[in-house]
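The structure appears below as structure tokens.
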């Protein structure tokens, strides 16, 4: 157990989308410098840099990424890259927090970054399958294919139809339409989802998060002498792992990494699931959010998809609002950036700065970031102190 | 996905013990947007199988008809070519499943 | 005396009707089907090759034989569609069957008679007591060039024979064996060429018939037997017409030939063809019956065998998956799917 109070000084995110004319360096520069400006800090005032990114090696043939990013920061500080597939951002933040708790650093910058659209769909599909196992890759199971198997298991076990799952994408597109940084800002209907082409049965195009570019950054500190106007602190940061392959899991309809990490997080924060006002959920696919709200304790087992369909997690209608940013589906999913974007969104919500998508009186927020098909989960709980 | 002849050789023992073994489909999906290596085989089903000895495996389903895509369908592990290799690459043999 | 201890066969699930091929090229299908006496042919799956099919057939043979894979001391793999030009199919089969490291192995090629030549070699090793059990595989994913005559007949299948010398295990003894060989360029495939070439009607009289008939007559003379002494006759089947003509010429009746005619339903799987016909006969034969067998490989040569079944055959027939059952286990595909599946597209 740690004793440091981790405060968020400033956050920033680039727009997410197909950013053809923006390079990875430019994305990093924009997010980091906007976050520093929001924090009132200069680059040299940062003690270390943590970077979350999955694909720079596979797609861009660039490893040693943290050293590259630190050039864009403009100060030669210690720099680290963390990778856990789509949980890279959450893992970068967790490790940044660990360094503050260890007393090694006092103020650090955490960046999540991904550039995907320089590459063909084939290449991207192949690259994303690196999040799974060799066995899954050689079975020809793509990343959507793995989640499709989960979807089938879930639909069969709880008697849920495709239309009910489709309401999850509909909710997230509605939220995205209220987010100027979102990749997709147009609402969609259940009929739109049902009509969209199949990717891996039963998942269709509009059940799947898109390919995106983007970067998000957050500056955190354990230095209590630095005052901020609307303080937000991170009161829990937990990570848990599970088997790499889906077929080795105990359950096909629940991610025990999420259950374990979130239980540890609730315990660390001294809270219950019902205390959460707003959550950013890792909806790489519609089925992911249905399973997530159950694993996080927001819904009873088997009720997740139905609860979402009944608007229990929708802005202005529900109790625990999920994915006000639009989630991965509508806001976009630049893989390594997502975990940090979630923190940016929750921070804005807890500060009352979320504009048209503000969750009323949001005090406690939760970020749920998952790697692969559930091999690793990073859960963060944030508290608004104003 | 680049396949290495060394990996093929190292995995022989695992494959030898599985060829011909039987199991039942637990879950299935049809991959319609494949990774690069499998573009010429798509669309194709991928199944999670519980083998008769209790172990679970994942693999491509081959030689199937529509009515075989159901939980509980009996399958047998067979050796097939994994994918279409380059003209100068070694051939990678791998376990796939066919309905019984 | 040495002979067949067990056998296994594998026919891929897919069938292409000859009428689909004829329609593609604007030909009259009924004419083609009646002259070739074939209605459909077996097509290998997209991810099958001579080795994967050979392993399926060999696994069945090992089960029927009731021996351990490690008991096999030789593997000869005959094919004209070995997956590699250099790298043995026989050892891939040997490894994945789990037979260990103590075996003779080499790949063979002699057009459609590569595997029957493998049987001759194995019998030599058996009779000289160098081995106790040997495996012979004949397997092909035969290709016919689109719009060529061979497109109607080139098919895929695999056969595996385990030969041994123990009286209590042999189901068909080899009474006589010989070959008739020459250099006759009727059908060939150059290195790197995807499809074989042939010289039309030259593949008939001077090639197939000269060798099959000459070898057949040689067998009869050597053994002193007459056609009526045999319960069955089996010939290589490049189409449905040639074996029928050969049988008649040598003095056999349609009743003796018909059970072996797998070609009518699945086409010509090259190195597996004559051995598949033999398997179909062994599936239904009774003990103490003589079987007349002549293969043919272009280039050219014929391997002849006279087999006599033993009482052991009955027990093992119970374990065998009959050729007829595999012929009936089928899915029809379209010509487009066939082009994709055989990697022509």
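Computed from the coordinates by the stated procedures, all read-outs in this text should not be read as laboratory data. Only a predicted model underlies this, so the values are computations on that prediction, with no experimental measurement involved. A quick note on method: Cβ atoms are made from the backbone with ideal geometry, for glycine too, and the neighbour counts reach across all protein chains shown.
Summary table below
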read-out	value
Acute angle (nearest 10 degrees) that the helix A:162-176 long axis makes with the longest principal axis of chain A, alpha-carbon atoms	30
Helix A:335-351 vs. chain A, principal-axis angle (Cα, 0 to 90°, nearest 10)	70
Förster-model FRET efficiency, 35 Å R0, residue A:121 and residue C:85, C-beta, rounded to 0.05	0.50
With Cα atoms, 0 to 90° folded angle of helix A:143-158 axis to chain A main axis	60
Sorted by Cβ density within 10 Å, fewest first, the residues C:330, C:222	C:222, C:330
Overall form of the stretch C:172-315 per C-alpha gyration tensor (a/c, 1.5; a/b vs b/c)	prolate
Average other protein chain Cβ within 10 Å of Cβ, residues A:146-156	3
Exposure proxy ranking, count of Cβ atoms within 10 Å, fewest first, for B:15, A:146	B:15, A:146
Tensor-based shape of chain B (alpha-carbon gyration tensor, a/c under 1.5 rounded, otherwise prolate or oblate)	oblate
Set of the stretch C:263-285 residues, backbone N closer than 16 Å to the point 7 Å along the Cα-Cβ line of residue C:229	none
Order of A:242, A:295 under a 10 Å beta carbon neighbour criterion, fewest first	A:242, A:295
Spatial separation of Cα centroids for the stretch B:33-89 and the stretch A:49-86, in angstrom	37
Cα gyration tensor shape of the stretch C:256-340, rounded if a/c is under 1.5, else prolate or oblate by comparing a/b with b/c	oblate
FRET efficiency, 1/(1 + (r/R0)^6) with R0 30 Å, evaluated for residue A:353 and residue A:301 via beta carbons	0.30
Stokes-Einstein D for the protein assembly as shown, Kirkwood Rh over Cα pairs, 25 °C, 0.890 mPa s (µm²/s)	82
For residues of C:38-46, the mean tally of beta carbons on other chains within 10 Å	2
Projected label distance in nm at residue B:100 and residue C:345, using a 7 Å step from Cα toward the beta-carbon	3.3
Rounded FRET efficiency, nearest 0.05, which uses the C-beta distance separating residue A:62 from residue C:315 and R0 of 60 Å	0.35
Shielding of B:35-47 by partner chains, average beta-carbon count, 10 Å	6
The stretch A:345-377-the stretch A:12-34 distance, computed between alpha-carbon centres (Å)	21
Separation in nanometres of the label points that stand 7 Å from Cα toward Cβ, at residue B:67 and residue C:30	3.3
GNM top mover of A:351, A:81, A:137 - chain A, alpha-carbon springs below 10 Å	A:137
Cα-projected label distance for residue C:197 with residue C:325, points at 7 Å along beta-carbon direction, nm	4.5
C-alpha center-to-center spacing [the stretch A:115-186, the stretch C:144-223] in angstrom	54
Mean Cβ neighbour count within 10 Å, used as a protection proxy, ranking A:129-136, C:302-309, C:3-10, A:14-21 highest first	C:3-10, C:302-309, A:129-136, A:14-21
Stretch gain in nm, segment residue A:163-residue A:102, where the contour uses 0.36 nm per residue and the Cα spacing is subtracted	17.1 nm
Relative contact order %, chain C, counting alpha carbon pairs below 8 Å whose residues are six or more apart	26
